[in-house]
Structures are given as structure tokens and as C-alpha cells.
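I have placed the structure first, in the form of C-alpha cells, so that the comments after it can refer back to it.
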Amino acid sequence: MKQWLGSGGYPPPVRIDEIIAERKPTFSIEFFPPKTAEATEELYETARALRELEPDFVSVTYGAGGSTREGTVEITAALKDQVEFETMAHLSCVGETAEGLAATLDRIEAAGIENVFALRGDPPRGQEDFLQPEGGLGSAAELAAFIDAGWDFGIGGACFPEVHPEAPDLATDLRYLKTKVEAGARFLITQLFFDNQVYFDFVRAAREFGIEVPILAGVIPVASFAQTKRICDLCDASIPPRLEAAFLAAGGEPEREFELGIAYAAQQCAELLIAGAPGIHFYALNRAPATRAVLGALKAARPWERVRGGAAEIERAE
């Protein structure tokens, strides 16, 4: 990555917790490792198109059961070296021994990647429940502690404003989330959501539990309603009835769905930023147009510079 010196003569931070502290708000984008040569080229085209808007970092996911383990490290390194993004590699416990995780972390470190997103991970296709691998780790909190003990990465963790599907209630979920932070997670990124009040309530509850790290808001700019609905069904994210009704009224027409998705996401992100959210993490699905439209509009309008209202406690906490 090119060496850049700011006005003070110091290089920019590369650890994401430091980036969040310095730049508020931050904008980040999530990609997933492609499975074909054609899809790989499309991903790089997407990355180059989004690079023009200068997101603060990008992340690359880790497939169910570690199915994209090699691709995650390779793509994350390429996005850092070739496209000049600051990057974060996802890593999960599924199907891995501690020795295997250590080997992957060594590869991430050797590739010059500074940040890791610690996940328990979803079970492989066809397996309903997570099973701790023999000689492996059983949770994202254990993985965060494992990483923190042996490597000098910026560690991130996931959180669920609508409560993790396996948690019986919000309080139980937050108690576990606090252990993940205490284990080494220095920032959190939420699962996607569409109702901002869900995020505001979640952040407030997290602060009451003593969780003080920044909580970035995960947003998906809808380009295809059918695709987004499938994703929401998989991760137990809800779509507000009025929004679903608006998409259904579009009659499946791609242009109308795209325009509606852009308008909704831009308004959603503006409200989050005005209220003090420290950053937006876009689930781009390896496509540029929707995320580029929303991020471009936000950077032009700069809504975070407006007077913040009733949710200003989010800003103070971050």
C-alpha cells in the first residue's frame, strides 16, 4: 500500500479501531470471495469503482464451514496491495483446530493485513447446529482471546440489534457480547437492519451493559428485493412492513426496486449519522452501483455535520 503522510507528517492509522477513533464517521464495505475467475474480475471492477469514493476500510467474509478460507486471505491481500484499501479478513472457528487457526492467522499477518473479524461462524450446509471442532474453539469470544494473545491485530466482532438467533433474549445476547469485547474485540459491526430505532435501542442497551466500543451500523442498499429477502431470512433480519409493501408495489421491476433501495438506504444512513452513529458498514454483495450511489450521496450531503438530536448519547458513547 502506498505510504501517505497527512498534514502532521504521520502515516494514517491502519488498525480499524484507530481509524474509527480518528475519522468519524467511517464508511466501510463488505465483500465475499468469488468462486469463479469471471466473478473475481467482477469483484475487482467493483472494488476499483468504489475505491473512488475512498471508503475507510473493506472486509472480506469467510464462508460457512471455512469453505472460502484460502480465498478470504488471497482476496483480502489483493484488495490491500492492488486496490490500496485498508482491509480486514474475516475468520471463523467452524471446522478448524487451534493449530489451523494459528496457521491462517500467520498467513494473514504475513500478507500485511492488520485487522481480523473474529466470528464463531455458521455451520456447514446441511448441518443445523454449530459443533465445536475437536481441538478447536467454541465461540467468537474464544477466538478473539486466541487472536489477542498471539498476534497484534485490530480485532472486530459481530453484533445483532435484533438479537442473535440462538440467544433467548437481548440481555443474554448482550452478556455474551460483553465477553467478546473483554476478550479483545475493539469495535463491533451490526448485522444488517432496516429499522433505525432497533439500532438506537440496541446501542443504548449495550452501553447500559458496559459495552463501550464503537458499534458500526450494518446497512444493505437494496438492489434486488428478492435477493435481500432471502438474505434476511437466512440471518433473521426483519423488513419493516411498510418497506416490504413498497417493494412489492414495485412489481418486481428492477429499476424501480433499485431506485427505492437507494432512496431508503440513503435516508436510513443519513438518520443514523445525524444521530451520532460512528460509521456505516455497507453489505455490497460484490456489486458497486447501489453502494456507490448511497455512499456518493452521503459524502456529498455530509449529514453528520447537522445538529444532532435526541440520540446524541450515541455520539458521546463512541
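The values are calculated or read from the model by the stated rules, or taken from the named source; none is laboratory data. Just so we're clear, the structure is a prediction, and the values are computed from it rather than from any experiment. No Cβ is skipped: glycine too gets one built from the backbone with ideal geometry, and neighbour counts run over all protein chains shown. Just so you know, the surface numbers come from the protein's heavy atoms only, side chains and all, with ligands and any DNA or RNA stripped out. Shrake-Rupley method; radii C 1.70, N 1.55, O 1.52, S 1.80 Å.
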Just the residues that are out of contact with any Leu (no Cβ under 9 Å at 6 or more places or on another chain) and hydroxyl-bearing (Ser, Thr, Tyr), please, taken from segment 171-200.
172, 176, 179
Residue selected from segment 29-54 under the condition over 16 Å from residue 293 (Cα atoms) and part of a loop (DSSP other than H, G, I, E, B), by the criterion most open to solvent (accessible area, probe 1.4 Å):
35
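Being at pLDDT 95 or above, of a type in the set (Asp, Glu) and farther than 29 Å from residue 48 by Cβ narrows it down to one residue among 271, 257; which is it? Give the derivation first.
Working: 257 fails: farther than 29 Å from residue 48 by Cβ.
Just one listed residue meets the conditions, 271.
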Of the residues 99, 84, which is touching a residue at least 40 places away in the same chain (Cβ under 8 Å) and acidic (Asp, Glu)?
84
For residue 23, the lone unmet condition from (1) in contact with a helix residue (DSSP H, G or I) (Cβ under 7 Å, 6 or more places away or on another chain); (2) without any contact (Cβ under 8 Å) to a residue 60 or more places away in the chain is (1)
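Would it be correct to say that residue 158 is surrounded by fewer than 22 Cβ atoms within 10 Å (Cβ to Cβ), assigned to a strand (DSSP E or B) and either in contact with a Cys (Cβ under 6 Å, 6 or more places away or on another chain) or not polar (S, T, N, Q) (or both)? Spell out the reasoning first.
Values: surrounded by fewer than 22 Cβ atoms within 10 Å (Cβ to Cβ): yes; assigned to a strand (DSSP E or B): yes; either in contact with a Cys (Cβ under 6 Å, 6 or more places away or on another chain) or not polar (S, T, N, Q) (or both): yes.
Against the criterion (surrounded by fewer than 22 Cβ atoms within 10 Å (Cβ to Cβ), assigned to a strand (DSSP E or B) and either in contact with a Cys (Cβ under 6 Å, 6 or more places away or on another chain) or not polar (S, T, N, Q) (or both)), residue 158 qualifies.
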Going through segment 224-265 in order, the residues found to be touching a Leu at 6+ places or on another chain (Cβ under 8 Å), under 28 Å from residue 276 (Cβ atoms) and among the small types (Gly, Ala, Ser) are 237, 246
Working carefully through the options 57, 117, find the one that is in contact with a helix residue (DSSP H, G or I) (Cβ under 7 Å, 6 or more places away or on another chain), modelled with pLDDT of 95 or more and surrounded by 20 or more Cβ atoms within 10 Å (Cβ to Cβ).
57
Residue check, residue 211 against (1) aliphatic (A, V, I, L, M); (2) outside any helix (DSSP H, G or I); (3) under 15 Å from the mean Cα position of the chain (by Cα), all met but one. Which one?
(3)
Which pairs have Cβ atoms under 9 Å, sit 6 or more apart or on different chains, and link a residue in segment 175-198 that is under 19 Å from residue 116 (Cα atoms) to one that is among the charged types (D, E, K, R) and part of a loop (DSSP other than H, G, I, E, B)?
181/212; 186/15; 191/162; 191/236
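Picking from 217, 206, 226, which residue would you name as being in a helix (DSSP H, G or I), closer than 24 Å to residue 46 by Cα, among the aliphatic types (A, V, I, L, M) and touching a residue at least 12 places away in the same chain (Cβ under 8 Å)?
Answer to the selection: 226.
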Does segment 171-192 hold any residues that are more than 20 Å from residue 90 (Cα to Cα) and open to solvent by less than 60 Å² (accessible area, probe 1.4 Å), and which are they?
171, 172, 173, 174
